[in-house]
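Quick note: the coordinates plus some simple rules give every number you see, no bench work behind them. Only a predicted model underlies this, so the values are computations on that prediction, with no experimental measurement involved. With ideal geometry, Cβ positions are generated from the backbone for all residues, glycine too; neighbour counts draw on all protein chains shown.
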Amino acid sequence: MRMENNEQYFNEYMRVLSAKYPTFQSAAAEIINLDAILRLPKGTEHFLSDVHGEYEAFCHIMNNCSGVIREKIEALYGKVMTKSERDEFATLIYYPAAIIAEMKAKGVAELKEWYAVQLHRLLEVCKTVASKYTRSKVRKSLPRNFDYIIDELINMDRTDFNKEAYYNEIFASIIELNRAEDFIVAITDVIKRLAVDALHIVGDLFDRGENPDKIMDLLMQHHNADLQWGNHDISWMGAHMGNEACILTVVDISLKYCNIDVLEECYGISLRKLAVYAENCMDEDARFYPVETDGLDGDGDRATIAKMRKAVFFMLMKAEGQIIGRRPEYDMDDRQVLTHIDYRKGTVVLDGDEVRLNRCDFITVDPAAPLTYTAAEREVLDGLKRAFSHSEKLTRHVAFMFEKGASFKIFNDNLIFHGCIPLNADGSYMEFEGRRGKELMIYADNTVRAAYNAFLKGETDEKALDFAWYLWCGKRSPLFGREKLTTFERVYIDDEKYHKEKSNAYYRYCNDKAFCEKILRDFGIDGKYSHIVNGHVPVKKKDGESPVKAEGKLIVIDGGFCKAYHEKTGIAGYTLIYNSHGLKLCAHEPFDSVEKAIETRSDIHSEVTVFETRENRLLVRDTDIGRGISCQIDGLQALLEYFRNHRPTDC
């Protein structure tokens, strides 16, 4: 019976395949095409992590492709152009519209000649980055208005005199028709698109930076980007879906770092009701002053933010306490802090110790029902929930994070995730409701998606939505990687030993090669060149710490992209580059601004370290995509045999 079913499935598969390739010749031609693709060099992948809303630097990294564009320019023109000429040419590729506008404003006498020179140079760069792809793939990358022209130019044989004349005539025509500016913008986009075949963001687009929304917009325009969720990302996702603790977490972080515009201007989430409520009900408390003060209008703004943060703090402690109360499986009773306070004595029980509070001023907390919101708090919170859920831009961005994001990704023998695989002290996998390791990662992914699917239907899956908050700060969360988040202690306890947030045992064991290989095997990856790629924990390069750990099996790429971490790491972020030759890390220097980069023709300087070189160049056949193509070829080979047995070969 099973053999009969297999034969039926095979015949049905052949029928479906033959509808697309109806003749022996068409199937054979496709095999030849696919086999040619398998022999091409592997596409270049870039990995970035922990961007934390740092838009200006991220924008430049996207434009210079982590230094890849500069490498191509140096290879092509290092001996024929001066350094200043190469700098200007690179900036033209990064910011074409700005450079062209500048040239036109200067009234360059020979603007047409300048256009002609740049068009020739840009085309050479385009041909270089396109050389590793099939003509078909390159065509798909071309802008509609110039697809035929660019395709013709990058594929013509320049040794042919007539073709060379044709080449020059096309440029002359483009310039005479006043299309040079549009053409330059278009071809620089193609160059950047072909320079990086795939982009992996290893978590935490959101946090304290000023413009996570602009970063999201850039990623949504990218041709092939994916995202592994970080704990800050999940807090925004949970906030959009209506989780009150996530909402209050996001608001508090925005206030703490004076990024109110991210909420109000970028996402249209008004804090007016919160501000009015805080002004009427809270005192000015120095413990809640913002950490960053850039953009504040004197002490009045600082006082207002402190009052708002204090109001949010009390609501947040209540929201978290309510979740913990209805989810005993989280095993987080110690974080239900408001229930462990002796309001008469002014003490709290922490880790079994009775600890004195620096103040006992819980203005909106009823000691008899410490987790209950006041009517005024409820009104403010309801308004915030509506604003987060109905923000049009946040709706689009969260949809993208679900469409292109996941808790982890396996791609080309690399296991990519933001935080950790939660471990016990002895190195065994931590369990959450019977799930551990890979199963826990899959459960986390599925549960957050269940919350989102319910939200899209106008419903609430409370258990799944609570879990989104747990992923932000739960001790068995693979996105968090710490024992607890000491938000309360950092405000109300002076003794700093209670401020410590112990890291998960993963961060100790992950330095061991055998341990990393075990994790990779447990995720179904078992190869000499397999790796784990993480973010989340900043690498202190200035202290000699290496991002390459466990004898090359683990690569940690959080290099402090965010300005706040530059002093800690000594750099301004990493890009991991995986191309057909192997793996290399780019350690980036701090970046001032896009405006300065354009004005001074400056670039992000990166220290490049090659740490894994393949003996033989990697081809498409060595990749996941290549394995899929090989399966297609197997199917087509079977179709050829089917044709031989069932049809004449000339059909």
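Backbone N atoms of the stretch 31-61 closer than 15 Å to the 7 Å Cα→Cβ label point of ALA98 belong to residues 55-61. Using Cβ point charges alone (K and R +1, D and E -1), the dipole size of the chain about the Cα centre works out to roughly 1320 debye.
I need the peptides 616-623, 173-180 ranked by packing, meaning the mean over residues of other C-beta atoms within 10 angstrom, with the highest value on top. Walk me through the numbers on the way to the answer.
Numbers: 616-623: 16.8, 173-180: 14.2.
The densest-packed peptide leads the list: 616-623, 173-180.
Count Lys and Arg as plus one, Asp and Glu as minus one, and take only other residues whose Cβ is under 11 Å from that of ASP207; the net charge is then -3.
If you count, for each residue, the other Cβ atoms within 10 Å and average over each peptide, how do 452-458, 554-560 line up from highest to lowest?
Values: 452-458: 14.0, 554-560: 25.7.
Result, highest mean Cβ count within 10 Å first: 554-560, 452-458.
In a simple Cβ point-charge model (Lys, Arg +1; Asp, Glu -1; nothing else charged), the stretch 231-498 has a dipole of about 560 debye relative to its Cα centre.
Are there any trypsin sites (Lys or Arg not before Pro) in the stretch 350-436 that are in a DSSP loop and have at most 15 other Cβ atoms within 10 Å? List them by number.
Filter output for the stretch 350-436: ARG359.
Considering only VAL250, PRO22, GLY419, and ranking their Cα positions along the charge dipole of the chain that arises from unit charges at the beta-carbon of Lys, Arg, Asp and Glu, the one farthest toward the positive end is PRO22.
Where does each of 426-432, 568-574 land if you order them by average Cβ count within 10 Å, highest first?
Working: 426-432: 15.3, 568-574: 23.7.
Packing order, densest peptide first, comes out as 568-574, 426-432.
Which net charge results when you count Lys and Arg as +1 and Asp and Glu as -1 among the other residues whose beta-carbon is under 14 Å from that of ASP189? Please list the in-between numbers first.
Values: positive: LYS140, ARG144, LYS192, ARG193; negative: ASP147, GLU181, ASP182.
Its environment carries a net charge of +1.
Loop-located trypsin sites (Lys or Arg not before Pro) in the stretch 86-157 (DSSP state not H, G, I, E or B) with no more than 13 neighbouring Cβ atoms inside 10 Å: LYS106.
The three principal axes of the Cα atoms in the stretch 394-518 give end-to-end lengths of 45, 44, 27 Å, sorted in falling order.
For ASP147, ASP35, ASP351, what's the fewest-to-most ordering of other Cβ within 10 Å of each Cβ? Let's see the in-between values first.
On the way: ASP147 16, ASP35 13, ASP351 9.
Starting with the residue having the fewest Cβ neighbours, the order is ASP351, ASP35, ASP147.
Over the chain, what is the percentage of antiparallel beta bridges among all DSSP beta bridges, to the nearest 5?
Working: 32 of 47 bridges.
Of all bridge pairs located within the chain, approximately 70 percent are antiparallel.
Proximity of backbone amide H atoms, modeled 1.01 Å from N, is registered between LEU554 and ILE532, LYS549 at under 5 Å, excluding neighbours fewer than 5 places apart on the same chain. Looking at the stretch 526-579, the GluC sites (Glu not before Pro) that sit in a DSSP loop and have at most 14 other Cβ atoms within 10 Å of their own Cβ are GLU545.
Per-residue Karplus couplings for the stretch 457-470, computed as 6.51 cos²θ - 1.76 cosθ + 1.60 with θ equal to phi - 60°, are listed in order as 8, x, 10, 10, 9, 4, 5, 5, 5, 4, 5, 4, 5, 4 Hz, Gly and Pro entered as x. One entry in (1) 208; (2) 228; (3) 158 is volume of the Cα convex hull per residue in Å³ calculated from the shown coordinates; its label is (1). In the stretch 575-651, taking the dipole from charged Cβ atoms about the Cα centre, the farthest positive-side position among HIS605, VAL594, ASN616 is held by ASN616. Going by the alpha-carbon gyration tensor, a ≥ b ≥ c the square roots of its eigenvalues, is the stretch 231-498 rounded (a/c under 1.5) or, if a/c is not under 1.5, prolate (a/b greater than b/c) versus oblate? Oblate is the answer for the stretch 231-498, as a/c is 1.5 or above yet b/c matches or exceeds a/b. For LYS563, LYS20, the sequence from fewest to most other C-beta atoms within 10 Å is LYS20, LYS563.
Helix-only estimate, please: 222 nm mean residue ellipticity of the chain, summing -39500 (n - 2.57) across DSSP H runs of length 4 or more and dividing by its residues, to the nearest 500.
Numbers: 26 runs with 331 residues, N = 651.
Calculated at 222 nm, the ellipticity per residue is -16000 deg cm²/dmol.
Each residue of the stretch 572-585 was assigned a 3J(HN,Hα) from its phi angle through the Karplus curve 6.51 cos²θ - 1.76 cosθ + 1.60 (θ = phi - 60°); the sequence is 10, x, 10, 10, 8, 10, 10, 10, 6, 9, x, 10, 8, 10 Hz, with glycine and proline shown as x.
Shape class for the stretch 63-195: rounded, because the ratio a/c of the largest to smallest gyration tensor axis (alpha-carbon atoms, square roots of eigenvalues) is under 1.5. Cβ crowding within 10 Å, taken as a proxy for footprinting-reagent exposure, orders THR487, THR134, THR82 from fewest neighbours to most as THR82, THR134, THR487.
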